[in-house]
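Asks: First, the structure itself, so that you have it in front of you.
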Amino acid sequence: MQSVDSLLHLAADVGACRRCPRLVAWREQVAHEKRAAFRQQDYWGRGVPGFGDPQARVLVLGLAPAAHGANRTGRVFTGDRSGDFLYPAMHRVGMANQATSVSIDDGLTLSGAWVTAAVKCAPPDNKPSPQERVACHGFLERELGMLTELRVVVCLGAFAYDAACAEFGVRPRPKFGHGVEASAPNGLHLLCSFHPSQQNTFTGRLTEPMLDAVFARAVELSG
């Protein structure tokens, strides 16, 4: 850890981390083998830091980078179907300057929002182990410590909700469900959404109006 921490220092530390051998092996294997559609692209293949407005009042928290999304592009929820669903919703409420998120240099900027993941490396089968979650916790803790204006955490999926409840000491913990709200002892509001994964959006489990309602509520609660 740097003697004087910053979001830039944190991003460098996340990108350089090799703490979890299984995750390191997987992210680098994926970056080497690539998906046929991205054969000509250079994959990021490292830990993926958070992204957005340092003065954010809304934190958008996901599970982990996608193998051929953020693990390829180097920016969370960028270059995959989840980002194709998430960022248009954020654009509709004024948190993003554009609805597209395809590469780290595509011009996307966020206003009043910060997007990150509880685990910073792409895990096999999208399932980090309990030990890997613990090993990565320090990064999220540092990140939250520097985002001093946060008022709302939008939890994308049950894993993100569990991580947020544990981090902020939410007890008793309401059962996860889309639109569920919880309050942390420090005054933060937690809002739940089904994860914008292809499985959820293609089946209609999560629709645009459903996600829009969550972000509209986040804007309301954030003031």
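The values are calculated or read from the model by the stated rules, or taken from the named source; none is laboratory data. Bear in mind that the values here come from a model prediction, so they are computed numbers and not experimental data. Heads up, the Cβs are rebuilt from the backbone with ideal geometry, glycines too, and the neighbour counts pull from every protein chain shown. Ligands, DNA and RNA are stripped out before the accessible areas are found, and what is left, the full protein with its side chains, is counted by its heavy atoms. Shrake-Rupley method; radii C 1.70, N 1.55, O 1.52, S 1.80 Å.
Asks: Among the residues in the stretch 126-135, are any over 15 Å from LEU156 (Cβ atoms) and touching a Cys at 6+ places or on another chain (Cβ under 7 Å)?
Replies: For the stretch 126-135, residues over 15 Å from LEU156 (Cβ atoms) and touching a Cys at 6+ places or on another chain (Cβ under 7 Å): present.
Asks: Inspect the stretch 98-121 for any residue being open to solvent by less than 40 Å² (accessible area, probe 1.4 Å) and over 30 Å from ASP42 (Cβ atoms) and give the result as yes or no.
Replies: Yes, because at least one residue in the stretch 98-121 is open to solvent by less than 40 Å² (accessible area, probe 1.4 Å) and over 30 Å from ASP42 (Cβ atoms).
Asks: Which of the residues spanning the stretch 51-76 are closer than 16 Å to LEU108 by Cα and either open to solvent by 20 Å² or more (accessible area, probe 1.4 Å) or without any contact (Cβ under 8 Å) to a residue 60 or more places away in the chain (or both)?
Replies: Once the filter is applied, which keeps residues that are closer than 16 Å to LEU108 by Cα and either open to solvent by 20 Å² or more (accessible area, probe 1.4 Å) or without any contact (Cβ under 8 Å) to a residue 60 or more places away in the chain (or both), the stretch 51-76 yields PHE51, GLY52, ASP53, PRO54, GLY69, ALA70, THR73, GLY74, ARG75, VAL76.
Asks: If you go through the stretch 162-196 one residue at a time, how many are under 22 Å from GLY223 (Cβ atoms) and of a type outside the set (Val, Ile, Thr)?
Replies: Here the count works out to 17.
Asks: Given the stretch 1-78, what helices (runs of 4 or more DSSP H) lie entirely inside it while holding 1 or more residues that are touching a Cys at 6+ places or on another chain (Cβ under 6 Å)?
Replies: 21-33
Asks: Return only the number of the condition from (1) closer than 27 Å to ALA99 by Cβ; (2) without any contact (Cβ under 8 Å) to a residue 12 or more places away in the chain that VAL134 does not satisfy.
Replies: With (1) closer than 27 Å to ALA99 by Cβ; (2) without any contact (Cβ under 8 Å) to a residue 12 or more places away in the chain applied to VAL134, the lone miss is (1).
Asks: While we're looking at this one, here's another question. Assess whether ARG27 counts as being in contact with a helix residue (DSSP H, G or I) (Cβ under 8 Å, 6 or more places away or on another chain), open to solvent by less than 80 Å² (accessible area, probe 1.4 Å), of a type in the set (D, E, K, R) and modelled with pLDDT of 95 or more.
Replies: Taking the combined requirement at face value, the residue satisfies it.
Asks: How do the pairs read when you match residues in the stretch 194-223 that are surrounded by 21 or more Cβ atoms within 10 Å (Cβ to Cβ) with residues anywhere that are of a type in the set (Val, Ile, Thr), using Cβ under 6 Å and keeping only pairs 6 or more apart or on different chains?
Replies: Note: pairs meeting the criteria are PHE215/VAL93; ALA218/VAL58; ALA218/VAL152; ALA218/VAL154.
Asks: Residue under question is ARG171, and the condition is that it be open to solvent by 60 Å² or more (accessible area, probe 1.4 Å), modelled with pLDDT of 95 or more and more than 23 Å from GLY69 (Cβ to Cβ); does it hold?
Replies: So ARG171 does not fit the description; no.
Asks: Among residues belonging to the stretch 1-14 that are without any contact (Cβ under 8 Å) to a residue 40 or more places away in the chain and under 22 Å from the mean Cα position of the chain (by Cα), point out the one that is surrounded by the fewest Cβ atoms within 10 Å (Cβ to Cβ).
Replies: LEU8
Asks: Moving on. Take the residues in the stretch 84-94 that are under 14 Å from the mean Cα position of the chain (by Cα) and without any contact (Cβ under 8 Å) to a residue 60 or more places away in the chain; name whichever of them is surrounded by the fewest Cβ atoms within 10 Å (Cβ to Cβ).
Replies: Checked the stretch 84-94; the qualifying residue surrounded by the fewest Cβ atoms within 10 Å (Cβ to Cβ) is ASP84.
Asks: On to the next question. Please give the number of the condition GLY47 fails out of (1) over 20 Å from ALA16 (Cβ atoms); (2) within 14 Å of the chain's Cα centre (by Cα); (3) open to solvent by less than 10 Å² (accessible area, probe 1.4 Å).
Replies: Every condition holds for GLY47 apart from (1).
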